[in-house]
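Enquirer: Got a structure for you, written out below as structure tokens; questions coming shortly.
Derivation of every value follows stated rules applied to the coordinates shown; laboratory data play no part. Keep in mind it's a predicted model, so treat the numbers as computed, not measured. Virtual Cβ from ideal backbone geometry, glycine too; neighbours counted across all protein chains shown.
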Amino acid sequence: MKKALTVAAFLLVAAFLVVAATTMRPFGEPSHSEMDDYFLVNCQTEVVANNVVTAVVFDYRGFDTLGEATVLFAAVVGVLALFRTVREDER
Amino acid sequence: MSSGMSVIVRTVTRFTYALIIVFGFYVIMHGHLTPGGGFQGGAVVASAFALALVAFGTAGLKGALNRHLLQSLEEVGALAFLGLAFAGVGTAFFYNILANSGSVFGGSDPAALASGGVLPLMNWAVGLKVMTGIASILIIMVIGARKEATE
């Protein structure tokens, strides 16, 4: 029973990968680029910034940057928790 | 670790320390004009702190590079970033209220330094957060490693 379940899961994942590989778009030819074109056309008039990447990161997709800042904060808290036993050297 | 490295490394560090910090501030400041931004510039400035820690050991930690100041500044950066995000909440979270508003950062020339609405301010906030966050991680780990070594 357990072996049959394993084989079934393996076949399911393999079939998913094969289907995904066969229906993939050809490399370098995206057929849906409306959003890229929107950023490139409207960035200088909407955000008034020459760096489109910064405009996307801080304006259009600010949530992404908020998550990255949260990851950094979590890293600081994690390192602090790891070395927390140091008492006399605390500054 | 507290003794630092050889006199060659320390001399070169004295030359390059300020240059690295100035370059990092340049990357943060021009984040909305040239490649780079708050994260990248903050990491560059933090690498200067790492260089000073490696070259001089923990003896360089007596002055402004202490952990509580760095962590307070990190909170300031995070709160400034969130505050700028909440400033646009009348339209949408993270709405750029200053762009095209005609105020200081709201000009219509995308090549000017004071352009991009809240983008330069957010770059500074994130840059402050990243440089102080990475620097405090480094300092905590150096102090912890030295404690482990002396035990």
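Enquirer: Kindly write out, for region B:111-128 in residue order, the coupling ³J(HN,Hα) from the Karplus curve 6.51 cos²θ - 1.76 cosθ + 1.60 (θ = phi - 60°), rounded to whole Hz, with x marking Gly and Pro.
Expert: 8, 6, 5, 8, 9, x, x, 7, 4, x, 5, 5, 4, 5, 4, 5, x, 4
Enquirer: Before rounding to the nearest 500, sum -39500 (n - 2.57) across all DSSP H runs of length at least 4 in chain A and divide by the residue total; then give [θ] at 222 nm in deg cm²/dmol.
Expert: Per the formula, -21000 deg cm²/dmol.
Enquirer: Mind telling me which of B:GLY24, B:GLY57, B:GLY37 comes out most flexible in a GNM of chain B, alpha-carbon contacts under 10 Å?
Expert: B:GLY57
Enquirer: GNM, chain B, Cα, under 10 Å: largest mean-square fluctuation among B:GLY38, B:GLY117, B:GLY88?
Expert: In the Gaussian network model the winner is B:GLY88.
Enquirer: Another question about this same structure. If I fit a long axis through the Cα atoms of helix B:67-87 and take the longest principal axis of the Cα atoms of chain B, what angle between them do I get, 0 to 90°, rounded to 10?
Expert: 10 degrees
Enquirer: Oh, and also: Using only Cα atoms, tell me the angle between helix B:7-29 and the longest principal axis of chain B; keep it within 0 to 90° and round to the nearest 10.
Expert: In chain B, helix B:7-29 runs at an angle near 10 degrees to the longest axis.
Enquirer: Can you tell me which of A:THR45, A:THR23, A:THR54 moves the most in a GNM of chain A? Springs connect C-alpha atoms under 10 Å apart.
Expert: A:THR23
Enquirer: Using only helices, what value at 222 nm comes out for chain B when you add -39,500 (n - 2.57) per DSSP H run of length 4 or more and divide by the total residues, to the nearest 500 deg cm²/dmol?
Expert: Calculated at 222 nm, the ellipticity per residue is -22000 deg cm²/dmol.
Enquirer: Also, I was wondering about something else. Where in region B:20-43 does the amide nitrogen come within less than 15 Å of the point 7 Å from the Cα of A:ALA75, taken along Cα to Cβ?
Expert: Once the point is set 7 Å along Cα→Cβ of A:ALA75, B:38-43 turn out to lie under 15 Å by backbone N, inside region B:20-43.
Enquirer: Which whole-number percent is the relative contact order of region B:1-144 (Cα, under 8 Å, 6+ apart)?
Expert: Relative contact order, region B:1-144: 30 percent.
Enquirer: Which of the helices in chain A, when you take each full DSSP H run, stretch at least 24 Å along the axis at their Cα atoms and have an average Kyte-Doolittle score of -1.0 or higher?
Expert: In chain A, the long hydrophobic H runs are A:2-22, A:62-82.
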